[in-house]
Amino acid sequence: MKKEILIGVLTGVMANALGVILYILAFSDKGIDATIQQSLSEGFFGKIVTLGAILNLLAFFLFIKKKQDYRARGVLLATVIIAIAVMIRKFI
């Protein structure tokens, strides 16, 4: 059970990272590193990470459809952890 949740968490984190990269490639005319540096300095990195989390929906519903509920819980847990990290980063 714990292994399945861990797989879900790792899937959620990787899906979010892939979503961030895809978002940057689709909507930024700069490179990935330059866009991340600019977003950190100008304070909109949290928005990029939040938009990148859209891919977590795909992973979550894929696991639900395959009846892998513990992995879906892991994806949900990863999404919550990322949301809390973005909130902390924004307010601190």
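Numbers below:
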quantity: First in region 24-45 and free of Cβ contacts under 8 Å to residues at least 24 places away in the same chain and loosely packed, with under 13 Cβ neighbours inside 10 Å, second anywhere and of a type outside the set (S, T, N, Q) and in a helix (DSSP H, G or I), Cβ under 7 Å, 6 or more apart; calculated: I32/I21; I32/I24
quantity: Region 54-90, residues that are in contact (Cβ under 8 Å) with a residue 12 or more places away in the chain and either outside any helix (DSSP H, G or I) or aromatic (F, W, Y) (or both); calculated: F60, F63, Q68, Y70
quantity: Count - residues of region 17-44 that are part of a helix (DSSP H, G or I) and either in contact with a Pro (Cβ under 8 Å, 6 or more places away or on another chain) or basic (K, R) (or both); calculated: 0
quantity: Qualifying residue in region 45-53 (condition: at pLDDT below 95, assigned to a helix (DSSP H, G or I) and among the basic types (K, R)); calculated: yes
quantity: Residue in region 16-34 that is polar (S, T, N, Q), within 17 Å of R89 (Cα to Cα) and at pLDDT 95 or above present; calculated: yes
quantity: Residues located in region 69-90, provided they are surrounded by fewer than 18 Cβ atoms within 10 Å (Cβ to Cβ), under 13 Å from E4 (Cα atoms) and either under 9 Å from the mean Cα position of the chain (by Cα) or among the hydrophobic types (A, V, I, L, M, F, W, C) (or both); calculated: L77
quantity: Top-ranked residue of region 46-68 - restricted to ones that are surrounded by 13 or more Cβ atoms within 10 Å (Cβ to Cβ) and more than 17 Å from the chain's Cα centre (by Cα), ranked as farthest from V86 (Cα to Cα); calculated: Q68
quantity: Output for region 1-16, where each listed residue is of a type in the set (A, V, I, L, M, F, W, C) and in a helix (DSSP H, G or I); calculated: I5, L6, I7, V9, L10, V13, M14, A15
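The values are calculated or read from the model by the stated rules, or taken from the named source; none is laboratory data. Worth saying up front: this structure is predicted, and the values here are computed from it rather than measured. Every residue, glycine as well, gets a Cβ built from its backbone with ideal geometry; the counts of neighbours run over all protein chains shown.
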